[in-house]
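The values are calculated or read from the model by the stated rules, or taken from the named source; none is laboratory data. All values derive from a computational prediction rather than experimental measurement. Methodologically, a virtual Cβ is constructed for each residue, glycine included, from the backbone with ideal geometry; neighbour enumeration extends over all protein chains shown.
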Amino acid sequence: MKTWMLCLSLLLWGVTLAPRDARATPSDDAAVRKPLEAFLQGHSTGKVEFLQQAYWPDARLTFVRDGAVQVMGISEHFQRFADHYRSLAGKPRPDEHAWHRDVRALEVMGTIAVATVVEDGPESRYTSYLTLLQVKGEWRIINKSFHEERKAAVLKAAP
């Protein structure tokens, strides 16, 4: 009987100390999707203004190129993005109709969130893991880590 009482007491004590449930509510989910939608819109239209709405000013991009870790500040990314689309006169890429972009997963816990975004085009598929932070009620991307997968047909055609 004493063992049973001790177990019950420990169980109740553990429940009392358990952390509150910090999972997202439907309104949180809509708010965290706002920068993700701006991210996707920026990539589909070629307009850096949408990306500027999606990212915190001190955000970073991390990726591997030529076997080495690369870290790029968001300002440099915006400049490269704008330069690329400037050559297209501010219009979407000619093959935009062949691109498919979507948020494959989203997990929100309190003031942090992680989204998996896939951008699938004719020559490459980009998988990005976006870390978002909520500050004063506003969600934005603080880090983007991504991987580019070149499509087999493109690799075969390369010299």
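Looking at ALA59, ALA82, ALA54, ALA18, which is the one that is at pLDDT below 95 and surrounded by 11 or more Cβ atoms within 10 Å (Cβ to Cβ)? Write out each step before concluding.
Working: ALA59 fails: at pLDDT below 95; ALA54 fails: at pLDDT below 95; ALA18 fails: surrounded by 11 or more Cβ atoms within 10 Å (Cβ to Cβ).
Every option except ALA82 fails the conditions.
Taking the criterion of being over 18 Å from VAL103 (Cα atoms) and in contact with a Leu (Cβ under 6 Å, 6 or more places away or on another chain), would at least one residue in the stretch 62-75 satisfy it?
Looking only at the stretch 62-75, we keep the residues that are over 18 Å from VAL103 (Cα atoms), and these are 62-75.
This time we only want the ones that are in contact with a Leu (Cβ under 6 Å, 6 or more places away or on another chain), so: 72.
Checked the stretch 62-75: at least one residue is over 18 Å from VAL103 (Cα atoms) and in contact with a Leu (Cβ under 6 Å, 6 or more places away or on another chain).
In the stretch 95-120, what residues are of a type in the set (Gly, Ala, Ser) and part of a loop (DSSP other than H, G, I, E, B)?
Let us first name the residues in the stretch 95-120 that are of a type in the set (Gly, Ala, Ser), namely 98, 105, 110, 113, 115.
The answer is GLY110, and nothing else.
Going through the stretch 32-77 one residue at a time, which ones are touching a residue at least 40 places away in the same chain (Cβ under 8 Å), under 16 Å from VAL117 (Cα atoms), touching a helix residue (DSSP H, G or I) at 6+ places or on another chain (Cβ under 9 Å) and part of a helix (DSSP H, G or I)?
Selection gives LYS34, PRO35, LEU36, PHE39, LEU40, HIS43, SER44, ALA54.
State whether the residues of the stretch 116-126 include one that is in contact with a Phe, Trp or Tyr (Cβ under 7 Å, 6 or more places away or on another chain), aromatic (Phe, Trp, Tyr) and without any contact (Cβ under 8 Å) to a residue 24 or more places away in the chain.
Looking for residues that are in contact with a Phe, Trp or Tyr (Cβ under 7 Å, 6 or more places away or on another chain), aromatic (Phe, Trp, Tyr) and without any contact (Cβ under 8 Å) to a residue 24 or more places away in the chain, one finds at least one in the stretch 116-126, hence yes.
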